[in-house]
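The values are calculated or read from the model by the stated rules, or taken from the named source; none is laboratory data. Just so we're clear, the structure is a prediction, and the values are computed from it rather than from any experiment. Note: ideal-geometry Cβ built from the backbone for every residue, glycine included; neighbour counts use all protein chains shown.
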Amino acid sequence: MINSWKALGVTLASFTRKKVTAEYPKEHLPVDERYMGFPALLWDSSRDEPFCTGCMVCVRYCPTQCMKAEMHDNPKFASGDSHRRKIIETFEINLNRCILCGICVDVCNFDAIEMSHEHELAGRGRNDQRVDLPQLLAMGRKYQTETGWKPSKPNALSPKEKEAQAAAAAAQASETPATPRPAPLITPATAPMTAVATASAAQLLDPATTVRPAHIPPAPDMGDSQDKEAAAG
Ligand code: SF4
Ligand code: SF4
């Protein structure tokens with residue numbers, strides 16, 4: 001009898017307790033910030049194009065081989081508006097086969113793919129979970145908006161930005177007045193060498209005017225003066 005009253009007390013107490021469950025699918029509980037849902041492709045707003053270059057690294061590393069990607073030449077690189085020579089053209093992930101391992105995110109060198117918070121993609125058909133490039137980008141943009149995602153490193157300069165930077169540097173250099181070169185410092189130790197360095201080529205070739213540093217003794221007389229005296233006598 002006492003146990004029955006205890007059980008009734010527990011039941012009555014649970015009426016006043018805050019609910020920890022939700023009536024899915026009418027209600028959705030928020031997912032954790034680090035929740036790993038389906039992979040999604042991210043959008044580079046500064047260039048107005050995807051981060052993905054279609055390099056296929058993630059495709060090669062995917063353990064379930066559920067990804068496909070093709071790249072093409074980036075028209076924005078040709079016009080100088082983007083630093084990406086290649087850009088993704090088609091991308092497909094079969095989310096039915098994806099095991100949410102996150103390897104594609106780890107191996108991507110371009111911050112182009114993230115495990116989004118997307119986890120409700122139920123369907124009835126065999127291929128209903130094959131998502132293409134626009135769908136992957138839409139998932140990525142939603143994830144970026146919800147989480148305030150930022151790339152880990154800034155973009156490289158585009159050809160137009162490089163040109164502008166070079167022009168600005170050239171303009172700055174032309175505005176700066178040329179600094180006069182300081183006169184060479186001549187000391188007693190460096191004077192002989194300075195004299196040799198500043199002598200003209202003619203002086204150096206003419207024995208009569210050869211500039212000789214003070215510390216080098218004159219060449220010994222090899223008999224020319226005796227011959228001259230004998231000839232005079
Ligand atoms: S998501 Fe990353 S690794 Fe995969 S193709 Fe795009 S750039 Fe390459
Ligand atoms: S999370 Fe894993 S299984 Fe899914 S696409 Fe990426 S690498 Fe493949």
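Being among the acidic types (Asp, Glu), assigned to a strand (DSSP E or B) and either farther than 17 Å from Thr64 by Cα or within 14 Å of ligand 2 (Cβ to nearest atom) (or both) narrows it down to one residue among Glu92, Glu146; which is it?
Numbers: Glu146 fails: assigned to a strand (DSSP E or B).
Result: Glu92 is the single residue among Glu92, Glu146 that is among the acidic types (Asp, Glu), assigned to a strand (DSSP E or B) and either farther than 17 Å from Thr64 by Cα or within 14 Å of ligand 2 (Cβ to nearest atom) (or both).
Of the conditions (1) touching a residue at least 60 places away in the same chain (Cβ under 8 Å); (2) within 13 Å of Gly37 (Cβ to Cβ); (3) out of contact with any strand residue (DSSP E or B) (no Cβ under 8 Å at 6 or more places or on another chain), Leu100 satisfies every one except a single condition; which number is it?
(3)
In the list Ala183, Ala156, which residue meets the criterion of being in a loop (DSSP other than H, G, I, E, B) and at pLDDT below 90? Please lay out each step first, then the result.
Details: Ala156 fails: at pLDDT below 90.
Every option except Ala183 fails the conditions.
Between a first residue in segment 60-74 that is farther than 17 Å from Asp106 by Cβ and a second residue that is assigned to a strand (DSSP E or B) and within 6 Å of ligand 2 (Cβ to nearest atom), which pairs have beta carbons less than 9 Å apart while being 6 or more apart in sequence or on different chains?
Between residues of segment 60-74 that are farther than 17 Å from Asp106 by Cβ and residues that are assigned to a strand (DSSP E or B) and within 6 Å of ligand 2 (Cβ to nearest atom), the close pairs are Lys68/Ile93.
On the basis of being within 16 Å of ligand 1 (Cβ to nearest atom), among the hydroxyl-bearing types (Ser, Thr, Tyr) and either closer than 16 Å to Asp132 by Cβ or touching a Pro at 6+ places or on another chain (Cβ under 8 Å) (or both), does Thr64 make the cut?
Details: within 16 Å of ligand 1 (Cβ to nearest atom): yes; among the hydroxyl-bearing types (Ser, Thr, Tyr): yes; either closer than 16 Å to Asp132 by Cβ or touching a Pro at 6+ places or on another chain (Cβ under 8 Å) (or both): no.
Against the criterion (within 16 Å of ligand 1 (Cβ to nearest atom), among the hydroxyl-bearing types (Ser, Thr, Tyr) and either closer than 16 Å to Asp132 by Cβ or touching a Pro at 6+ places or on another chain (Cβ under 8 Å) (or both)), Thr64 does not qualify.
Of the residues that make up segment 50-64, is at least one within 11 Å of ligand 2 (Cβ to nearest atom) and polar (S, T, N, Q)? Even if it seems obvious, please write down each step before you answer.
So the first thing to find is which residues in segment 50-64 are within 11 Å of ligand 2 (Cβ to nearest atom), and the list is 57-64.
In the following step, the residues that additionally are polar (S, T, N, Q) were identified as 64.
Checked against the condition, which is being within 11 Å of ligand 2 (Cβ to nearest atom) and polar (S, T, N, Q), segment 50-64 yields at least one hit.
Look through segment 18-43, keep the residues that are surrounded by fewer than 10 Cβ atoms within 10 Å (Cβ to Cβ) and hydrophobic (A, V, I, L, M, F, W, C), and return whichever of them is nearest to Met139 (Cα to Cα).
Leu29
Looking at (1) away from ligand 1 (no atom under 12 Å from the Cβ); (2) surrounded by 15 or more Cβ atoms within 10 Å (Cβ to Cβ), find the lone condition where Gly102 falls short.
(2)
Okay, residues lined up against (1) farther than 27 Å from Gly148 by Cα; (2) over 30 Å from the mean Cα position of the chain (by Cα):
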residue: Phe15; (1), (2): yes, yes
residue: Pro30; (1), (2): no, yes
residue: Lys68; (1), (2): yes, no
residue: Ile88; (1), (2): no, no
residue: Ile103; (1), (2): no, no
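Just one of the numbered conditions (1) surrounded by 10 or more Cβ atoms within 10 Å (Cβ to Cβ); (2) more than 28 Å from Lys68 (Cβ to Cβ) is not true of Ser174; which one?
(1)
For Ala7, indicate whether it is assigned to a loop (DSSP other than H, G, I, E, B) and more than 23 Å from the chain's Cα centre (by Cα).
So Ala7 fails the test.
If you scan segment 29-49, which residues turn out to be assigned to a loop (DSSP other than H, G, I, E, B), away from ligand 2 (no atom under 16 Å from the Cβ) and without any contact (Cβ under 8 Å) to a residue 60 or more places away in the chain?
Filtering segment 29-49 for residues assigned to a loop (DSSP other than H, G, I, E, B) gives 29-38, 42, 45-48.
Next, from what is left, pick out any that are away from ligand 2 (no atom under 16 Å from the Cβ): 29-33, 45-48.
Scanning segment 29-49 gives Leu29, Pro30, Asp32, Ser45, Asp48.
Could you please find all residues in segment 81-99 being charged (D, E, K, R) and more than 13 Å from ligand 1 (Cβ to nearest atom)? Steps first, answer last, please.
Start the filter on segment 81-99 by keeping residues that are charged (D, E, K, R), which leaves 81, 84-86, 89, 92, 97.
The answer is Asp81, Arg97.
What number goes with the only condition from (1) in contact with a strand residue (DSSP E or B) (Cβ under 8 Å, 6 or more places away or on another chain); (2) assigned to a loop (DSSP other than H, G, I, E, B); (3) more than 10 Å from ligand 1 (Cβ to nearest atom) that His117 does not pass?
(1)
Taking the residues in segment 120-143 that are part of a helix (DSSP H, G or I) and aliphatic (A, V, I, L, M) as candidates, determine which candidate is surrounded by the most Cβ atoms within 10 Å (Cβ to Cβ). It would help to see each step written out before you state the result.
Going residue by residue through segment 120-143, those that are part of a helix (DSSP H, G or I) are 133-143.
Cutting the leftovers down to aliphatic (A, V, I, L, M) gives us 133, 136-139.
Numbers: Leu133: 19, Leu136: 26, Leu137: 20, Ala138: 15, Met139: 24.
Once the filter is applied, the top-ranked residue is Leu136.
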